[in-house]
1. Quick one: net charge around residue 87, please, counting Lys, Arg +1 and Asp, Glu -1 for every other residue with C-beta under 12 Å from its C-beta.
2. How high is the FRET efficiency between residue 47 and residue 152 when r is their beta carbon distance and R₀ equals 30 Å, given to the nearest 0.05?
3. Skipping prolines and chain starts, which residues have an amide H placed within reach, meaning under 5 Å, of the one on residue 178, given they are 5 or more residues away or on another chain?
4. Assuming R0 = 45 Å, what is the FRET efficiency of residue 129 and residue 28, from their Cβ-Cβ distance, to the nearest 0.05?
5. Lys and Arg at +1, Asp and Glu at -1: add these up for the other residues within a Cβ distance under 13 Å of residue 113 and post the number.
6. Relative to the Cα centre, what is the charge dipole magnitude of segment 63-193, using +1 at the beta carbon of each Lys and Arg, -1 at the beta carbon of each Asp and Glu, and rounding to the nearest 20 debye?
7. Can you find, among 129, 148, 97, the residue sitting farthest towards the positive end of the charge dipole of segment 62-193, where Lys and Arg contribute +1 and Asp and Glu -1 at Cβ?
8. Checking a compactness column here: for segment 37-116, what do you get for Rg(Cα) / (2.2 N^0.38 Å), N being the number of residues?
Amino acid sequence: MEQTKNVAGGNIAGHDVITNYAVSNIPQTFMARLREKFEYERANSVEFKSIIDSLHYYQQSIDQEPISLEKKFDLGKRHACIFEALRAKELFAKCMTRYTFSEAAQQVIAFCLGEIYQLFKARIVPLINKGETVEVVDGAVVEQVIQPVLHQLEENILGLMPQELEGMIYYLTANCFLWWHPRDANADLPSGA
């Protein structure tokens with residue numbers, strides 16, 4: 001039987017037609033949505049003219065009388081680390097400036113700052129309060145803070161490097177969100193300590 005003159009709006013078959021459809025019930029991740037937004041902003045030259053609230057939250061010191069990063073490192077007996085900390089903090093500051101006009105990039109940076117803050121409080125502060133050595137604390141920072149945040153970045157649309165994430169830690173320290181010396185949560189500490 002010849003079917004060359006048949007016209008159909010779909011399949012023509014002498015038997016069953018099997019069609020496979022790929023259906024994904026997996027919701028798109030937060031980072032995947034930000035990647036799409038970031039790509040859209042770049043492709044369409046979208047410039048964002050303000051700072052999102054979640055990033056602004058970390059830009060303000062939480063102490064009324066903040067003390068310097070150097071002083072915080074002195075309190076934590078981390079004198080030898082200050083030069084590297086200042087360089088890493090500066091590297092992150094440049095990163096933040098580079099992405100000033102992208103709302104998606106600001107969201108990625110705010111996400112990283114929030115994750116670093118939470119992981120540091122949960123995993124590093126107990127080590128500091130127990131009086132662990134600088135080497136133990138630094139190893140834990142890499143394994144339990146920086147690496148997990150890098151993993152959460154998935155495709156890492158901003159190309160954030162471990163040094164920039166480390167700079168975020170020192171940025172948070174400078175703005176009094178984090179500390180490097182043992183503290184009793186119930187003690188009355190002077191402002192900035």
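1. Details: positive: 89, 94; negative: 84, 90, 164, 166.
The answer is -2.
2. Working: r = 27 Å, r/R0 = 0.89.
That pair, residue 47 with residue 152, gives E of 0.65.
3. 173
4. Working: r = 39 Å, r/R0 = 0.87.
The value I calculate is 0.70.
5. Working: positive: 89, 121; negative: 53, 115, 164, 166.
That sum, taken over residues with Cβ under 13 Å, equals -2.
6. Working: 12 positive and 18 negative charges, 38 e Å.
In debye, rounded to 20, segment 63-193 gives about 180.
7. Toward the positive end, the furthest listed residue is 129.
8. Numbers: Rg = 15.6 Å, N = 80, 2.2 N^0.38 = 11.6 Å.
My calculation over the Cα atoms of segment 37-116 gives 1.34.
Throughout, read-outs are computed from the coordinates displayed, never taken from laboratory work. Owing to the predicted nature of the structure, the values given are computational and were not obtained by experimental measurement. All Cβ positions, even for glycine, are placed from backbone atoms using ideal geometry, and neighbour counts span all protein chains on display.
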